[in-house]
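Working notes, beginning with the structure itself.
The values are calculated or read from the model by the stated rules, or taken from the named source; none is laboratory data. This one's a predicted model, so the numbers in the text were calculated from it and none came from an experiment. Cβ coordinates were reconstructed from backbone atoms using ideal geometry, including for glycine residues, and neighbour counts include every protein chain displayed.
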Amino acid sequence: MSATTRGAAAAAVKGQRRQGHRKADHREARAALLFLSPWLLGFAIFTAWPLIYSVYLSLTDYDVINSPNFVGVENYARLFADPKVAQALGNTLFYVALQVPLYVVVSLALALLLNRAGRASGTFRTLFFLPKMTPPVAVGILFLLLFNGQNGLINVVLGWFGINGPAWTTDPAWVKPGLILMSLWTVGASVIILLAALQNVPEDLYESARLDGAGFWRQSFSVTLPLISPALFFIIVVNTIAGLQTFDEAYTAFFGSGNTTYSNDAALFYVIYLFQQAFEFLNMGYASAMAWLLFVIILAITLVQLAVSRRLVYYEAEEGR
C-alpha cells in the first residue's frame, strides 16, 4: 500500500471518529437539555417573562382591573417627585449603612469564638443557625414583644442596670435602631460561613507570625482578615442586597397589624412602599417602575463593592499565579 493510500485511509478513519464524536456530543447535548428543560421552562415562565413584562408595565398606568394604559416614562418622572419614595429610600439606606457593618462584626466575633470552642462547636453551630429558620413574620411579632417600651424584655434588662430604655416601637428615632438590633437574630448563616473560612486558614501561617513576634491583633489583621476576606466580601454583598430589600419583619411589626399608634413613617422601607403601591393602591405600573429603580440602585452599589474588592479582597489562587 502506497504512502498516499495509507494517508487517505488514516484521514478517512479520523473523519469517521470526528463524526462519531460530534454525534455523541449532540446526543449528550440533547440529553442535557432534556434534563434541564423543567428548570428552563420554569425560569422562562416565572422569572424571565415577569421581568420582561414588568418593564412594559413600568411604562403604563395599570390597576390590575383595567387594561394597561401606556404612559411612557411618566411613572419614572413621578418617582423623583414623590416625597414618600425619597423618605422610604432614605430609611432603607440608613438601615443598610448601620445594619450591614454591625451584622458582619457580630458574625465575625461569634465565628472567632466558635473557632476556639473545639468539639462543642458543632452544637453551637446548630444553636446559632436555628434562629435563621424562624419565619420572618414571627420575628416581626417577637420584635414588638421584646422591644415594647413599657414592659418589653429589652427595656426590663436595661432597667436592671439603671438604664431607662427608649420607646423602641413608638419613637421615630429608635424604630430603625431597634429593627437593626433585631436583625442580629439571624446571624447564624453568616457565622457558619465565616467559621468555615477561619478553619481553612493554615495554622503554619499563625506559627510563622508568632515566631516573628506578632500578637493576637497583629495576627488578626495580617493573617486572619486577609485570608477570610473572600468570605467577608460575600457576606457584605449578600447582606447589602438583602438589607435594601428588607420587608418582612418591619411590615409585620408596623404595617401588617393595621395599628396606627406606631411610628409607621420611620419604618417605611422602600420595598414596603413598593408593596403598598402594588397591592394596596393597585398602582402596578408605578410599583414596577419602583422595582426597576431598586434594581438599578442594587446593581450600582454591587458594582462599587466589586470595584473596591479588587484592592481589599485577597484571593490565594490569584496570588500564586
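Please determine whether any residue of segment 230-243 is among the hydroxyl-bearing types (Ser, Thr, Tyr), closer than 30 Å to Ser58 by Cβ and either modelled with pLDDT of 85 or more or over 25 Å from the mean Cα position of the chain (by Cα) (or both). There is at least one residue in segment 230-243 that is among the hydroxyl-bearing types (Ser, Thr, Tyr), closer than 30 Å to Ser58 by Cβ and either modelled with pLDDT of 85 or more or over 25 Å from the mean Cα position of the chain (by Cα) (or both). Scan segment 238-248 for residues that are surrounded by fewer than 17 Cβ atoms within 10 Å (Cβ to Cβ) and part of a helix (DSSP H, G or I) and the total you get is 3. Would you please list the contacts, defined by Cβ atoms under 6 Å and residues six or more apart or on different chains, that run from a residue in segment 262-286 that is in contact (Cβ under 8 Å) with a residue 40 or more places away in the chain to a residue that is surrounded by 19 or more Cβ atoms within 10 Å (Cβ to Cβ) and not in a helix (DSSP H, G or I)? Here the result reads Tyr262/Thr169; Phe269/Thr246; Met284/Tyr62; Gly285/Thr60; Gly285/Tyr62, each pair linking segment 262-286 to a residue that is surrounded by 19 or more Cβ atoms within 10 Å (Cβ to Cβ) and not in a helix (DSSP H, G or I). Condition check: polar (S, T, N, Q), surrounded by fewer than 17 Cβ atoms within 10 Å (Cβ to Cβ) and either in contact with a Phe, Trp or Tyr (Cβ under 9 Å, 6 or more places away or on another chain) or more than 26 Å from Gln277 (Cβ to Cβ) (or both). Does Thr60 satisfy that? When the stated conditions are applied, Thr60 does not pass them.
Listed by first and then second residue, the pairs with beta-carbon distance under 6 Å, at least 6 apart or on different chains, first residue in segment 210-234 and closer than 22 Å to Val187 by Cβ, second β-branched (Val, Ile, Thr), are Leu227/Val201; Ser229/Val313; Pro230/Val313; Ala231/Ile193; Phe233/Val313.
With a requirement of 3 or more residues that are of a type in the set (Val, Ile, Thr) and within 19 Å of Ile297 (Cα to Cα), the helices (runs of 4 or more DSSP H) lying completely within segment 26-135 that satisfy it span 83-115. Determine, yes or no, whether Val104 is over 21 Å from Gly256 (Cβ atoms), in contact (Cβ under 8 Å) with a residue 12 or more places away in the chain and surrounded by 17 or more Cβ atoms within 10 Å (Cβ to Cβ). In short, yes.
When every residue of segment 162-173 is checked against the conditions, at least one turns out to be under 30 Å from Leu93 (Cα atoms), in the same structural domain as Phe94 (by TED's automatic domain parsing) and assigned to a helix (DSSP H, G or I). Of all the residues in segment 181-209, those that are in contact (Cβ under 8 Å) with a residue 40 or more places away in the chain and not in a helix (DSSP H, G or I) number 1.
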